[in-house]
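Since the structure comes first, as structure tokens, the remarks are kept for the end.
What follows is calculated from the coordinates using simple rules that are stated; it is not laboratory data. No experiment lies behind these values; they were computed from the predicted model shown. For neighbour counting, all protein chains shown are included, and Cβ atoms are generated from backbone atoms with ideal geometry for every residue, glycine included.
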Ligand code: KG4
Ligand code: ZN
């Protein structure tokens, strides 16, 4: 029997001890022995603990049960004899190993439903690791096992789970985006006024495989036609990242294709290249999402020079926090933009932070406080509160948009570039797009955006970025580690 082993996920402990790994291998074998089972499990204090049977979920009947802890007997596992490597059957389990702090994200799932089949030459390449136990640990990662099909028809599955959207997509060099689907967790988090990481992780567990199955059906593709898997490896919520990483890594392993961890912000940055016309390198990019506001000089894939970034709140975060101040429901950005539509732009003028001095950095937290103070003062005076809220929302949006436009103009001039790329959730803002277009036209330049659905988090951008890197022959070791923090400047060039 074959087991995808996902190593190096013990984020809490930073490193995984040899003992813990051994225990996990035993657990993996135990689970696989029970054919047809679907499991979610963790390793707690070096003890594998089964958290749930999620079999019903994968059969399309019912919900996973997250409350069924079970400690395994190691002695029983030890007695298992050899695991044949000839005549390999399809893998019966996917095993995800993970951090103690994010127990619910540890993922084990049977993928026989997806029609899994081992295609590597593992019987020849397998390595003997422990008496009587033979594994092939790195099929698809060694040239003698299976060469990566580097062609323009190469198809890559992208998986995005860094925050509160489960996004999956298939990108092919020749025909572009073949399918994509996003499942938003908005309803789950709305009651709490923001993303609850643990709930996000659990829901990614529920949604990722069914969504993958759905887009394969939509595109009338079988998993045999996929040549690689790209998943978001960071930055983001670590638990949520672990789910996508474990699923992506496991599928790639089982399908015998390479996998690559993609930088979420690089995904955003390259998303406008999925559109027609695509921006040519070099260009300046403004990345405006919930977690980042960055101005980047882009000379090619992985050739990024940071020109400026937010010193405190990101633009999307400022939208979200200000929306809360205005009593708007989560997610705040789009709700604030809708309210601002009704506002009078001439009633208030808010400051444009950090525009009166040179430099390309941003700061939005002062603007948020300014908005709060203005709102408190004006609401006490007004007899038309709805109108005041709309006018304040408009003044805030005008200030953010104007600030971003001023900095982009400065960046274009400074870097002597004419092409500007906007990406990330806030680039879906229509006022921002209109003002940016006006500015660029005056500068004799041009602005490129993804379609609104690809501005916010999605799997298409991850499939595309992963495709670029896999096509360039980039790979990663089987032991992988999602990163909550990760600088884009650390990425290798393509
Ligand atoms: O890129 P994204 O989907 O997720 C992150 O990587 O953070 O960006 C989400 C952010 C949220 O802060 C959301 O409020 C903001 O993008 N956003 C908007 C709009 N649509 C999404 N902000 C302003 N106007 C919008 N239309
Ligand atoms: Zn994002």
How about the stretch 260-277: which of its residues are under 15 Å from residue 169 (Cβ atoms), away from ligand 2 (no atom under 12 Å from the Cβ) and assigned to a strand (DSSP E or B)? 260
(1) away from ligand 1 (no atom under 16 Å from the Cβ); (2) touching a residue at least 12 places away in the same chain (Cβ under 8 Å); (3) within 29 Å of residue 185 (Cα to Cα); (4) surrounded by fewer than 17 Cβ atoms within 10 Å (Cβ to Cβ): which one isn't true of residue 472, the others all being true? (3)
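Here is a yes/no grid of residues against (1) over 23 Å from residue 423 (Cβ atoms); (2) in contact (Cβ under 8 Å) with a residue 40 or more places away in the chain:
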{"site": "321", "(1), (2)": "no, yes"}
{"site": "335", "(1), (2)": "no, no"}
{"site": "346", "(1), (2)": "yes, no"}
{"site": "377", "(1), (2)": "yes, no"}
{"site": "397", "(1), (2)": "no, yes"}
{"site": "403", "(1), (2)": "no, yes"}
Could you give me the residue pairs with C-beta distances under 6 Å whose first residue belongs to the stretch 354-374 and is closer than 15 Å to residue 288 by Cβ, whose second residue is in a helix (DSSP H, G or I) wherever it lies, and which are 6+ apart or on separate chains? 360/407; 360/411; 364/318; 367/399
Which numbered condition in (1) within 16 Å of ligand 2 (Cβ to nearest atom); (2) in contact with a helix residue (DSSP H, G or I) (Cβ under 9 Å, 6 or more places away or on another chain); (3) not in a loop (DSSP other than H, G, I, E, B) is the only one that residue 309 fails? (2)
Output the number of residues of the stretch 414-446 satisfying the condition of being away from ligand 2 (no atom under 14 Å from the Cβ) and assigned to a helix (DSSP H, G or I). 15
I'd like to check something: does the stretch 285-299 contain any residue that is in contact (Cβ under 8 Å) with a residue 12 or more places away in the chain and part of a helix (DSSP H, G or I)? no
Sort out for me the strands (runs of 3 or more DSSP E) sitting completely within the stretch 161-250 that have 3 or more residues that are surrounded by fewer than 24 Cβ atoms within 10 Å (Cβ to Cβ). 176-184
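Among the residues of the stretch 447-466 satisfying the criterion of being outside any helix (DSSP H, G or I) and within 12 Å of ligand 2 (Cβ to nearest atom), which is surrounded by the fewest Cβ atoms within 10 Å (Cβ to Cβ)?
The first filter runs over the stretch 447-466 and keeps only residues outside any helix (DSSP H, G or I), leaving 447-451, 456-458.
Add one more test, that the residue is within 12 Å of ligand 2 (Cβ to nearest atom), and what stays is 450, 456-458.
Values: 450: 24, 456: 26, 457: 26, 458: 27.
If we take residues in the stretch 447-466 being outside any helix (DSSP H, G or I) and within 12 Å of ligand 2 (Cβ to nearest atom), then 450 is surrounded by the fewest Cβ atoms within 10 Å (Cβ to Cβ).
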